[in-house]
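Take a look at the structure set out below.
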Amino acid sequence: MLLRRSERDSVLLRLRDGPQVVEGRGVVDLSAFVGQAAGAEVTWAGARYRLLRPSLSDRVQHLRRKAQIVTPKDAQYLLYLAGIGPGSRVAEAGAGSGALTLILAHAVGDTGRVFSYDRRPEFLEVARRNVTAAGFADLVEFRERDVATSGIDEPELNAVVLDLSEPWAVLESAHSALVLGGYVATYTPTYNQLERTVQRLRSLGFEEVRSLELLERELHVGSGGTRPEFDMLGHTGFLAGGRKV
Ligand SMILES: C[S@@+](CC[C@H](N)C(=O)[O-])C[C@H]1O[C@@H](n2cnc3c(N)ncnc32)[C@H](O)[C@@H]1O
């Protein structure tokens with residue numbers, strides 16, 4: 001549940017009986033709120049909070065970060081590029097902080113499955129905690145493995161999503177793991193990585209190969225003074241995708 005006092009003051013936690021540790025708040029006991037429905041107003045530590053059912057963006061904003069996470073604009077387009085929706089079987093690497101894992105699990109839903117690989121156990125641990133805290137543990141299987149050297153195990157995948165430094169080294173294994181018509185999508189920060197990735201996609205026979213960058217500009221909406229914000233995130237990553245046919 002999300003305990004929300006204002007846009008800048010909210011806590012994401014599981015309402016349960018007894019004391020629990022909440023990051024930034026210490027040990028708290030929220031037993032009195034167990035059973036309260038979403039929308040209820042409660043008093044906690046002398047302040048009024050609204051109980052809300054957490055949205056996907058609440059879950060991503062509150063997750064514990066260890067690796068750099070994928071931005072929402074890129075994550076959502078990765079879903080589109082890779083054709084991911086309810087019921088999809090998806091492998092991703094690396095898990096990192098698990099931000100993309102949450103977004104994938106949210107997209108595939110109860111009838112889908114996400115297999116999330118990382119070669120570093122400490123990242124897998126953080127991703128697992130974040131996915132469990134978000135309530136998606138049943139949809140995700142974590143695997144500790146270097147996918148560049150050992151590949152992807154799961155057969156009959158609808159999509160493979162790669163957010164790691166050497167996606168080209170994983171594409172052959174991704175191709176074998178995909179069903180006919182399945183997609184691969186990659187996310188890399190530099191042109192050099194993008195170029196190598198796209199060349200490998202083409203040489204492996206992937207079709208419908210695309211590469212792109214998304215720029216997002218927030219708008220400052222006033223009364224008569226509506227304009228773009230002065231600050232803008234100049235660069236996040238490049239997206240590429242291809243389809244096995
Ligand atoms: C940028 S982070 C991924 C962030 C993640 N998508 C998120 O949104 O939280 C990259 C991750 O890829 C993992 N990684 C890099 N190369 C890998 C490989 N060959 N096999 C498995 N994991 C790898 C790293 O350990 C790191 O955790």
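Numbers for the structure displayed
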item	result
Pairs, first under 14 Å from Arg50 (Cα atoms) in region 25-39, second among the charged types (D, E, K, R), C-beta under 7 Å, six or more apart	Val34/Arg16; Val34/Asp17; Ala38/Arg53
Residues of region 152-164 satisfying the condition of being surrounded by 13 or more Cβ atoms within 10 Å (Cβ to Cβ) and free of Cβ contacts under 8 Å to residues at least 60 places away in the same chain	Asp153
Residues of region 126-136 satisfying the condition of being over 20 Å from Gln20 (Cα atoms) and away from the ligand (no atom under 11 Å from the Cβ)	Phe136
Single match in Val21, Val70 (criterion: over 11 Å from the mean Cα position of the chain (by Cα) and at negative phi)	Val21
Cβ-Cβ under 7 Å pairs, at least 6 apart or on other chains, region 214-225 side not assigned by TED's automatic domain parsing to the domain that holds Thr190, far side surrounded by fewer than 10 Cβ atoms within 10 Å (Cβ to Cβ) and not aliphatic (A, V, I, L, M)	none
Whichever residue in region 86-129 is in a loop (DSSP other than H, G, I, E, B), over 14 Å from the mean Cα position of the chain (by Cα) and not basic (Lys, Arg) and, among such residues, is surrounded by the most Cβ atoms within 10 Å (Cβ to Cβ)	Ser88
Criterion (touching a helix residue (DSSP H, G or I) at 6+ places or on another chain (Cβ under 9 Å) and on the phi > 0 side of the Ramachandran plot) met by exactly one of Gly83, Gly96, Gly46, Gly39	Gly96
Flag for Gly182 being over 22 Å from Gly237 (Cα atoms) and part of a strand (DSSP E or B)	yes
Only listed residue being among the polar types (S, T, N, Q), more than 30 Å from His62 (Cβ to Cβ), free of Cβ contacts under 8 Å to residues at least 60 places away in the same chain and part of a helix (DSSP H, G or I), chosen from Thr149, Thr132	Thr149
Filtered residues of region 211-228 (kept if in contact with a strand residue (DSSP E or B) (Cβ under 8 Å, 6 or more places away or on another chain) and either among the hydroxyl-bearing types (Ser, Thr, Tyr) or surrounded by 10 or more Cβ atoms within 10 Å (Cβ to Cβ) (or both))	Ser211, Leu212, Glu213, Leu214, Glu218, His220, Thr226, Pro228
Complete set of residues in region 22-71 that are over 30 Å from Asp163 (Cβ atoms) and β-branched (Val, Ile, Thr)	Val27, Val28, Val34, Val42, Thr43
Failed criterion for Gly181 (all others in (1) within 14 Å of the ligand (Cβ to nearest atom); (2) in contact (Cβ under 8 Å) with a residue 40 or more places away in the chain; (3) surrounded by fewer than 18 Cβ atoms within 10 Å (Cβ to Cβ) hold)	(1)
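The values are calculated or read from the model by the stated rules, or taken from the named source; none is laboratory data. Just so we're clear, the structure is a prediction, and the values are computed from it rather than from any experiment. Positions of Cβ are generated from backbone atoms using ideal geometry, with glycine treated the same way; all protein chains shown enter the neighbour counts.
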